[in-house]
1. Among residues belonging to segment 115-145 that are among the small types (Gly, Ala, Ser) and open to solvent by less than 50 Å² (accessible area, probe 1.4 Å), point out the one that is nearest to the chain's Cα centre (by Cα).
2. Among the residues of segment 148-169, what is the count of those that are modelled with pLDDT under 95 and either aliphatic (A, V, I, L, M) or in contact with a Lys or Arg (Cβ under 7 Å, 6 or more places away or on another chain) (or both)?
3. Quick one: is residue 40 in contact with a strand residue (DSSP E or B) (Cβ under 6 Å, 6 or more places away or on another chain) and within 22 Å of residue 182 (Cβ to Cβ)?
4. Just give me the residues in segment 1-41 being within 22 Å of residue 52 (Cα to Cα) and hydroxyl-bearing (Ser, Thr, Tyr), in sequence order.
5. So, in segment 76-95, of the ones that are open to solvent by less than 30 Å² (accessible area, probe 1.4 Å) and modelled with pLDDT of 95 or more, which residue ends up farthest from residue 15 (Cα to Cα)?
6. Scanning segment 17-56 for residues that are farther than 16 Å from residue 128 by Cα and of a type in the set (Ser, Thr, Tyr), which turns out modelled with the lowest pLDDT?
7. Looking for something open to solvent by less than 40 Å² (accessible area, probe 1.4 Å) and farther than 23 Å from residue 177 by Cα - is there at least one such residue anywhere in segment 66-74?
8. Kindly list, by first and then second residue, each pair from a residue in segment 154-174 that is open to solvent by less than 90 Å² (accessible area, probe 1.4 Å) to a residue that is not in a strand (DSSP E or B), limited to pairs with Cβ atoms under 7 Å and residues at least 6 apart or on different chains.
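The values are calculated or read from the model by the stated rules, or taken from the named source; none is laboratory data. On a predicted model such as this, the values are computed, not experimentally measured, just so you know. A quick note on method: Cβ atoms are made from the backbone with ideal geometry, for glycine too, and the neighbour counts reach across all protein chains shown. Accessible surface is based on the protein model in full, side chains and every heavy atom, while ligands, DNA and RNA are left aside. Shrake-Rupley method; radii C 1.70, N 1.55, O 1.52, S 1.80 Å.
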Amino acid sequence: LMPTGQNTVTVYGATDDPGNIYVSRAHWIIDYQPGALLAGEIYTFGNSGDRTFVGRKVEGMAEPGTLELHVPEGATEISLDDGALGDRFQQVGSTIYDTLPVIPGTDTRQIVLRYAVPYNGTSLDLMQDFVYPVDQLSLLIADAPGLKAEVSAMEPAGIQELTGQNFQIWRGSDSEPQTIEVAIQNLPQTSDIA
């Protein structure tokens, strides 16, 4: 006798409407070295609909783009943990597109994005676009003596030590798609290298 088993396979319809895509959690972590700001962004996406989001045609791309991430103007050294630019992820201007479909559910996709933003002097103004509604957003900026940061649309939450380093923390929640502006002053200059 052969053992028998049962498998359940869920099949979803498809849609090209991104209206049900959201970010349940986003962490934006900023560190720096003299002359360059180093950033990492961790996104956990969900799809509140009952259909798989298969993406939309994007000018300059052969296949449809699904999830859309933006990098600040002037960003360099862009990398992603789960695929290379030009392969699963495509870049058009300052936008990075995932090309994998997004199935319905909470926390169905996580993407980790890293980049650097060169700067001259000791200050930098960043603008970062969040394209989808975000349930919970945290921003961590590596702290240093005299470092000042102003952040739009987020509340300061003090300083916290993580892995032996202090970070200035900001939090936001239940936000609609928006642009967050971060102004950082008193960054180390290239001449500050010991």
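1. Applying the filter and picking the extreme gives 138.
2. Result for segment 148-169: 2.
3. Yes; evaluated as a whole, the condition is true for this residue.
4. 8, 10, 12, 15, 22, 24
5. Here the answer is 80.
6. Selected residue: 32.
7. No - not one qualifying residue is present in segment 66-74.
8. Final answer for the pair search is 166/143; 167/143; 168/143; 170/154; 172/153; 172/154.
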